[in-house]
1. Relative to the present Cα-Cα distance, how much length would full extension add between Glu90 and Lys208 at 0.36 nm per residue of separation?
2. Per the Debye formula with a single identical scatterer at each Cα and no solvent contribution, what log10 I(q)/I(0) holds for the range 20-278 at q = 0.13, 0.14, 0.16 Å⁻¹?
3. Where the only charges are on Cβ atoms (+1 Lys, Arg; -1 Asp, Glu), what is the dipole of the range 118-197 about its Cα centre, to the nearest 20 debye?
4. Quick one: order His115, His72, His224 by neighbouring beta-carbon count within 10 Å, fewest to most.
5. Provide the gained length on full extension for the span Ala20 to Val61, in nm with one decimal, where the gain is 0.36 nm per separating residue minus the Cα-Cα distance.
6. Using Cα-Cα distances under 8 Å and only pairs 6 or more residues apart, what relative contact order does the range 20-278 have, in percent?
7. Give me the net charge of Arg102's neighbourhood, meaning all other residues with Cβ under 13 Å from the Cβ of Arg102; Lys, Arg count +1, Asp, Glu -1.
8. Let me spell out the model: positive unit charges on the Cβ of Lys and Arg, negative unit charges on the Cβ of Asp and Glu, origin at the Cα centre of the range 20-278. What dipole size does that give, in debye rounded to 20?
Amino acid sequence: MERGEKQTQMSHLHGHGIAAPPILLAIGGFDPSCGAGVAADLKTFAAHGCYGIAAITSLTVQNTQGVEAVHHTPSAELREQLEVLTKDSEIAAVKIGMLGNRANAVVVGEFLDAHTFAHVVHDPVIRSSSDAELLDTTGVKYLATELLKRSSVITPNVPEAEALTGIAIKDLSAMEAAARKLVEMGAKAVIVKGGHMERAIDLVFDGKDVHALSGDKVKMENTHGTGCTFASAIAAHLAVGRSLVEAATLAKAYVVKAIEKAYPVGRGRVPLDHFYRMKIEPLARGTHELTQHGLHPAAEPAAH
């Protein structure tokens, strides 16, 4: 197909006049139970009225009970995924999650250098909740020395902040010290998530001011995918023009509600209900849907 023909076809496809919502790119691992990783990112984007596209860094073998194995995407294939997506879409924000290894972290660093994105939210996933390694040691070093400075905001939990800074975090002042050190290391802004602490306070440091976001401690068994979801919600809010503190406040409120509404889908930790705002009542028993005629009772006798 000639270039002119292709452009004509594209304008014809877009001729119905519906504007696209913000398009957000998730870079991360795939969780087959779909509670965490890129699946959680895409659900969160959709719940916030954005359209999600994704590049997969790793295929994990996991369910709600834990991670059994991890298979990393070869770095050349990750690069191809990222390139093909940026050729096609105007990306309003990028959310980075699990990178897997140094090779894939380097690909993401090069990708961020090659393109300018208004917002890059990095959730520095190092270990899973079930304690599986999700980023190798050399990858963590690259993240600390290179990727930090390529992000708009980084959202470590307490163990991740400790691993990146070497600061033992036992209280709010240590959380602040870690946030300030991460900015010294190159991060533009930091949100240290306090879910592992006695009180669930998240600390937002934008490089100038510190803001504490308090919240209720939630049941740990209902927290599969909270970190991914929180960072993705922040990316969605930043993409539509909200400030960092406002984005973090709204994202935290969304995550808390999604945890409250969560329901078990397996035998392990309960994934969040990302779509709690849009509940659709299931069909009543004994009815089925016919495309041409709407809903009919299944047992309804045919009219003669």
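1. Length gained between Glu90 and Lys208: 39.4 nm.
2. -0.74, -0.88, -1.20
3. 280 debye
4. Listed from fewest to most nearby Cβ atoms, that is His115, His72, His224.
5. 11.4 nm
6. Result for the range 20-278 is 19 percent.
7. -3
8. Value, rounded to 20: 460 debye.
Every number here is computed from the coordinates shown, using simple stated rules; none is lab data. Here the structure is a predicted model, which is why all the values come from computation and not from measurement. Every residue, glycine among them, receives a Cβ derived from its backbone with ideal geometry; neighbour counts consider all protein chains shown.
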